[in-house]
């Protein structure tokens, strides 16, 4: 770029990384280890069955160690120097357009690296136990490694197209893992659905990247961030909206939310890693990473906030009605990501809190998913909470860790969720009262459905199926639970001294001051009050009553709607799928009948004409002679006509 | 011109007869009428050589050939009147009429002027004059026609030739066959009796009489027997009686 | 002697020959009609010869006769062969060469 | 390599001579197959040698020029630039793959298996000729000659309706060729009017200014033929019918190699010879290309027959290629050129792997499968990778090209890009739907005993998929030879890439 960006106080921070030097190799290794693991496990075949899971764990743990090394190295640098790049090779060039695989390592990538490899490692270890009896465990670990590698590419890429690579890579891994038990048609269908809906989001990312190229002549963060201030509002808003579409797809935000609940068909560790802690938060990452776009466009941010608000309420409502423990948690995930998106939409005031909530959520939601997996493990893979009850005695460790996660998500101090969610609610109120109210109500509903889940699973009476003997899971599964529980409890430490905010400042810019009319303390108290109300309601309506083993049929419209996931699927089915299918069928008829019909018809008409003419060749000499004579007569007539005209 | 006006209607009538004659033999005869009339017209038009050739070649050779073929194919083979191709006859007549009318009208429109006549060309006699042209200017074409005729003759031979499918039986085989037939069916060993032997008549339609006075059926052609033109034995006997009585 | 009546006669005979070829089914009769057409043309040739005052027309007629003779020989031989195999002299029966 | 030696002629005639040689080998026994495979490998080796010797910025290379028919101005002229070399390489790479993969496909045909392989080699040689010809007349001769082997390959070996499919293919292509012939003759007429006299050399023709009307008519003649070949909506219907009945190997050569003649011709002849007419036709062609993308994808979704489905996906992909060509900017054209190569690989993989699947089950209907993954995991894995490459997953080679085309289309027209990009969703639907229905779910009885891929089949498929992955991350070898050619083409059509909007606008006046 020939233009030098004009830096002023309100300017967005430009990405101007320095060469990573010797650490760059580590960056490559962070991605390379799990990628290598995936390659070995997937190409190695049955030879690697015996030690495949160990290799899978080892590569991710190796990445975690490297990430920690990198993180502490970054921590030791000055705030201004915390952006490193590692040159690799040019991916492709065309005309003036050049896309490279250069990696960008900055505070944002750093925390993501820790989240991905940290939670990833714990879940890999957990999976060793969870998938112990699956004959295709080796392949499962291959896919998990593939996912980790792709996710790392996503957060380390220094170019939108590079992000796209990781973006689709995690989509592929998600597809493979949701459909891991592909002999189940529901799993295969869910996998396909997830991928296809993600692809709808990818339209946004493709077109967004294209628009960015047209506008800035490059898609690398460095160039775009330096020049974004010079772009027009319209263009920035358009880019923002396109990126939001991408984020909606990947993060299961309204209106592309329907795939997430179906994705629970995958094995539980997958749900924990991909559909709770990491992949689904990639949308939030994308928005925060693109802060140099979003900070400059009020309109796009408003759209982000609206999407976030709608989704956080939708997810919460769905979570209230689901009896499937994983789907209830998935609804909760949707809702929590809604919070993050909402926070990201607040702009400089919210980026850091979005990431903060993302991190804490990654810990406590992974914790609860794994807990749910542990419960299912003990309950013979039954997922219906109405068949649980009073499990706190049978599975004390699971209960304890789950409880930590529960307290974290509903926002009880001092657990991690309190700090992160409280900050978002505060920022939301500072931005707009309605938005704040949404966030507040969402918190109350969260408290309700999580308490309901807690009560149905661990308290109330036994409603177990016959022959089920709940038991605590093996150590290899409980240790990761404990690890995640610790993180869920202590995640709030990141906010000490506003560390997380300062840490992310080089990436997202100076944190904007909040202008809240009431003091933060009052705000927190109000939020706690709402949460307490939610818990109380749950206690009254669930804890104090007998829970029927079958879900009651006669329920209010709201419950029915929530059970039907607010008719998202029904809407897609009626408005897109069914008309789509009839359209495709109609098109097939059109193709056969009209497009090919013209061709075939031309051929057939020639064939018809010749078969008609053919009849003139009747084999009778006399007919031929007649034709001959007629011809001669005509020649004669013609001659006469010429001569006497 | 008198000859023309006499012959023309005859020729047209004979030609039309060609169209309607049921039997091929009749058609051939009507054609002969046309051809002879044509020959006369040639003669009238100072073409005595062609007159002779027309009579010899057409009426003599070609028509005889036709008659031979008719004989071989069967005299009785006659057309059925029913037209098998739908609309063909009407169309033929229509097209023929159009063609003919156009031709006639077209020809009639042309004024040929007075004929120059062949008196000068035929001054040294028609045949020498024709020969002169034929053996000078048209000698090559003439020689070619000889090749054509030879080819045609060969072609006719090839077409008429029937390939033997079985080896020709030898004398010995034929003799053995005869003896075998005699042994199995009692077929007469010797040659068949000729008609009329020991009889009043020696015509072909008269069977020979066996020593006992009965007629030998084998002595006459089966064709004649089928036609019923064979004289029966009692008739013969009466003839014999009349003769003997007359002698008395 | 005017020329035109001869030519008209020739035309009429030719036309009758044509119609005969078209309507008759007995191959021999068809052949006769062909001969009639040839003869009709011969008449015209001879007439033109007289009209033009040279003998070329007669020569042409002579060649027509030769060719006609050859044609009849071969043609009749063909009819014989067909008759031998098909037991029929109808031209309609030899209609395999169709469609 | 010395520059005088006619390397391209050798490359072109090696398979042709091989084809003749194969016909003299014994009908029975594997010798004919082995020789055919050996010849194709030899051709590949020679092709690689040529590619190594090629210098990316050197323009048209390995040129040969012998006067052929003087009165027409026709020459036997060969030579390759970046675009031509890419496609020649695609041809020589796919030929041994196809021969190895179709090892037993020729056994059940109407003629002997040796004829099957001889025709394949002949097709390879003629295809190389098409891509290497630098004389329009020679190109035309090769263009039409390629139909003959395909006709016999389709008509002699393959499904129950092969005869009809072969005739349809032949007549459809001939019709296109006929229209093109008119333009070829027109070129002669026009070039004869110039001072240089009649010529068919592309290099000479490119200098002629045909004038608006004549240029447009000639352009149309070429374009229609190439659109049929490509195939584009609405002249695509021969392709599904043909692939439905052809053997997988034939389909690969047909779709991956031969159909590229259409898009190759659009660049080489439509754009470079008739720049004005190409610019004039751009709006219509872009619309047709976008329709092809969406239409092909939708038809693929609705297909139950696997080869038909793949044929329709190709219609969609060719829509992308044509779109990339006619948006006339570096991104689009580079993408389109790259797409030609990548589509060749991915479609080849898809045809071959589904071919293995179909030959095992004896049915080509998706509804006849289910749960194959359980019994044949390796096959399923290859299928998935091939499918993912077809839906342009990043990391696999088609992504780069598709992304570049979308970017190029976006530069040209935002609306066209917006419609074209829907192709990526539809691609996901048709590939994953097919995978879901065939591979996943409970294993059906009929497929329970299906054997997994044999070593020969793995050996045939693996190189293609390895290339797909390697080029997905490192397409530079291809792009480095394609980009100079693209610049050349763009200079011919007199188009320049627009500069990024931000670089032009000042901070104050920055509004859309």
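FYI, it's all coordinate maths here, none of it is from the lab. Every value quoted in this text rests on a predicted model; they were computed, and no experiment measured them. Because the Cβ atoms are built from the backbone with ideal geometry, glycine has one as well, and the counts that use them run over all protein chains shown.
A few comments on the model shown:
- Label-point separation in nm, residue A:550 to residue A:496, each point 7 Å along Cα→Cβ: 5.5 nm
- Distance between the stretch A:257-312 and the stretch D:233-270 - C-alpha centres, whole angstrom: 42 Å
- Between residue A:615 and residue D:41, the modelled label-to-label distance comes to 6.2 nm, taking each label 7 Å out from Cα in the direction of the beta carbon.
- Note on the stretch A:15-48 and the stretch D:335-367: Cα centroid distance 31 Å, given to the nearest whole angstrom.
- Debye intensity ratio I(q)/I(0), log10, the stretch A:277-336, q values 0.23, 0.26, 0.28, 0.31 Å⁻¹ (C-alpha model): -0.91, -1.02, -1.08, -1.16
- Tilt relative to chain A, helix A:621-644 - C-alpha long axis, 0 to 90 degrees, to 10: 70 degrees
- Relative to the longest principal axis of the Cα atoms of chain A, helix A:499-508 runs at roughly 30 degrees.
- Here residue C:85 and residue B:109 are evaluated by their C-beta separation; at R0 = 56 Å the FRET efficiency comes out at 0.70.
- Under 12 Å from the residue C:97 label point (7 Å along Cα→beta-carbon), backbone N, the stretch B:153-167: none
- Contour minus Cα-Cα distance for residue B:181 and residue B:16 (0.36 nm per residue): 53.8 nm
- The fewest-to-most ranking of A:476, D:502, A:496 by surrounding Cβ atoms within 10 Å reads A:496, A:476, D:502.
- Label-to-label distance, residue B:2 versus residue B:97, with points set 7 angstrom from Cα along the beta-carbon direction: 3.7 nm.
- Between 0 and 90°, nearest 10: helix B:24-44 axis offset from chain B longest Cα axis: 40 degrees
- Per-pair calculated FRET efficiency, R0 = 22 Å: residue A:392 and residue A:539 via Cβ, rounded to 0.05: 0.90
- Sum of -39500 (n - 2.57) over DSSP H runs of 4+, divided by residues of chain D (222 nm, nearest 500): -23000 deg cm²/dmol
- Computed over chain C with a Gaussian network model linking Cα atoms closer than 10 Å, the most mobile of C:52, C:39, C:26 is C:52.
- For chain B, modelled as a GNM whose springs connect Cα atoms under 10 angstrom apart, the maximal fluctuation among B:45, B:54, B:109 occurs at B:109.
- Helical content of chain A, expressed as a calculated mean residue ellipticity at 222 nm, amounts to -22000 deg cm²/dmol (DSSP H runs of 4 or more residues, -39,500 (n - 2.57) each, divided by residue number, nearest 500).
- Residue order for D:304, A:591, fewest other beta carbons within 10 angstrom first, comes to D:304, A:591.
- When only alpha carbons are used to place a centre, the stretch D:85-158 and the stretch A:435-501 end up 64 Å from one another.
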